[in-house]
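What follows is one structure encoded as structure tokens, with my remarks underneath.
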Amino acid sequence: MLRPARPRRCGVRNRRRGSWTRKQRTSCKPRVRATAVDRGEERRTKAMTTGVMIGEVSLGEGHRTAIIAPVLGSSVSELSDQAVQAREAPVDILEVRLDHLLGEADVPFAQAEAAIMDALRAVRASAPSHPLLATIRTASEGGTWSVTDDVYAELLSAIAKSGLAEALDVEIARHPAAISSVLEATEASGIPVVLSRHYFEATPPREAMLAMLEYMTTLAPPQRAIAKLAVMPQCPEDVLALLSASLDAKKRLERPLITIAMGHLGRVSRLAGEVFGSDASFATVGPQSAPGSSAPAPSRSCLIGSFSFPWPTPVSRLKGRRGE
Ligand SMILES: O=C1C[C@@](O)(C(=O)O)C[C@@H](O)[C@@H]1O
């Protein structure tokens, strides 16, 4: 007589005790283990849907605030020194402010391009673990270099092609043709952009800030662009308006954002950004690049202290993996 087949059981049987020592699985389908390749793929796909990768640092994914430290100076060695300082600080991304290097003079294109490439190479050599965000902030945007839209676009496109930076900052107050040509260059090189809009004099009304962030999201696909807004508050209500616009934009647009209220009044926005939808905060390692920014350690410890980040920073994780 044929015995009815026993139902298959999963787990490990303890033969001596005759019991099943491991919790039984509900399904007996073979367990497929994810390989390292699968896990890498999964991470990339997740970042593509929820965040933007600047090098190996994800902005917007899981909504953790990254710390970006600008390095600036009038010589390559000053930039390198600051990059070394930043390496010791809790910083995730370095912003290489190239306008201070170019100064206020009318530098010929070839000379400006050579100086920029030298600076990026030097910063990379001084802080090899940190992804670089290259920024040329012109005089009207709080920077130091006065440059035409054409030269601005050509230089940024050259940086995109060079592979010396992991992301570019593009000021969207520039001529639309200049913005489009930079976006084309970054698309071809596969690097993301930080689309920036600065208001150094005042804070626009809440709805206007929201509309600006929304407009930025129409300029580039979600996995390639971070929308950044920096305003100058004149009263505490302006700071509240910025935070409120930021929170609303985060909910509506589901895009990585950086929102900053500058100056003393706005400092709270640099520390509480995570709560209100900002995915990164700028902190200073050398000279201040904008009113109101503070050192990364206080920023990080305030972020940690106030909002209890239980995780290591993206760069410290990366350093750990590399055994640094
Ligand atoms: O755009 C920004 C933000 C910033 O202006 C700030 O307010 O921290 C600092 C700049 O270096 C950077 O390019």
Handout entry: In the stretch 175-195, residue nearest to Glu95 (Cα to Cα) [restricted to those that are within 14 Å of the ligand (Cβ to nearest atom) and without any contact (Cβ under 8 Å) to a residue 60 or more places away in the chain]
Key = Val193
Practice task
Go through the stretch 219-324 and tell me which helices (runs of 4 or more DSSP H), entirely inside it, have 3 or more residues that are aliphatic (A, V, I, L, M), modelled with pLDDT of 65 or more and away from the ligand (no atom under 15 Å from the Cβ).
Solution key: 236-253
Practice task
Counting only residues that are modelled with pLDDT of 90 or more and either touching a strand residue (DSSP E or B) at 6+ places or on another chain (Cβ under 7 Å) or within 14 Å of the ligand (Cβ to nearest atom) (or both), give me the helices (runs of 4 or more DSSP H) lying completely in the stretch 49-136 with at least 3 of them.
Solution key: 76-88, 109-126
Handout entry: Residues satisfying the stated conditions in the stretch 69-119, i.e. of a type in the set (Ser, Thr, Tyr) and over 18 Å from Leu133 (Cβ atoms)
Key = Ser74, Ser75, Ser77
Problem - Pick from the stretch 142-172, criterion under 17 Å from the mean Cα position of the chain (by Cα) and crowded, with 23+ Cβ neighbours inside 10 Å, ranking: farthest from the ligand (Cβ to nearest atom) - result: Ala160
Fill in the blank from the handout: Of the listed residues (Pro192, Pro204), the one being on the phi < 0 side of the Ramachandran plot, in contact with a Lys or Arg (Cβ under 8 Å, 6 or more places away or on another chain) and not polar (S, T, N, Q) is Pro192
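So that you can scan it fast, the table gives a plain yes or no per residue for (1) aliphatic (A, V, I, L, M); (2) more than 18 Å from the chain's Cα centre (by Cα); (3) under 25 Å from Cys235 (Cα atoms):
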{"residue": "Ile179", "(1), (2), (3)": "yes, yes, no"}
{"residue": "Val193", "(1), (2), (3)": "yes, no, no"}
{"residue": "Ala202", "(1), (2), (3)": "yes, yes, yes"}
{"residue": "Ala208", "(1), (2), (3)": "yes, yes, yes"}
{"residue": "Met216", "(1), (2), (3)": "yes, no, no"}
{"residue": "Pro222", "(1), (2), (3)": "no, no, no"}
Exercise for the section: Six or more apart or on different chains, Cβ under 9 Å: which pairs go from a residue in the stretch 258-283 that's farther than 17 Å from Met209 by Cβ and among the acidic types (Asp, Glu) to one that's in a helix (DSSP H, G or I) and more than 10 Å from the ligand (Cβ to nearest atom)? Could you list them? Expected result: Glu274/His63; Glu274/Leu303; Glu274/Phe307
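Per-residue answers, yes or no, for (1) surrounded by 17 or more Cβ atoms within 10 Å (Cβ to Cβ); (2) in contact (Cβ under 8 Å) with a residue 40 or more places away in the chain; (3) within 25 Å of the chain's Cα centre (by Cα):
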position	(1), (2), (3)
Glu78	yes, yes, yes
Val84	no, yes, yes
His100	yes, yes, yes
Phe109	no, yes, no
Arg121	no, yes, yes
Fill in the blank from the handout: Over the stretch 153-174, the set of residues of a type in the set (Asp, Glu) and without any contact (Cβ under 8 Å) to a residue 40 or more places away in the chain is Glu171
Fill in the blank from the handout: Inside the stretch 229-249, the number of residues satisfying the requirement of being without any contact (Cβ under 8 Å) to a residue 40 or more places away in the chain and under 21 Å from Ala167 (Cα atoms) is 1
Exercise for the section: Quick one: which residue in Glu88, Glu95 is without any contact (Cβ under 8 Å) to a residue 24 or more places away in the chain and closer than 19 Å to Ile67 by Cα? Expected result: Glu88
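The values are calculated or read from the model by the stated rules, or taken from the named source; none is laboratory data. Computed from a predicted model, the values in this text were never measured in an experiment. So basically every Cβ, Gly included, is an ideal-geometry build from the backbone, and we count neighbours across all protein chains shown.
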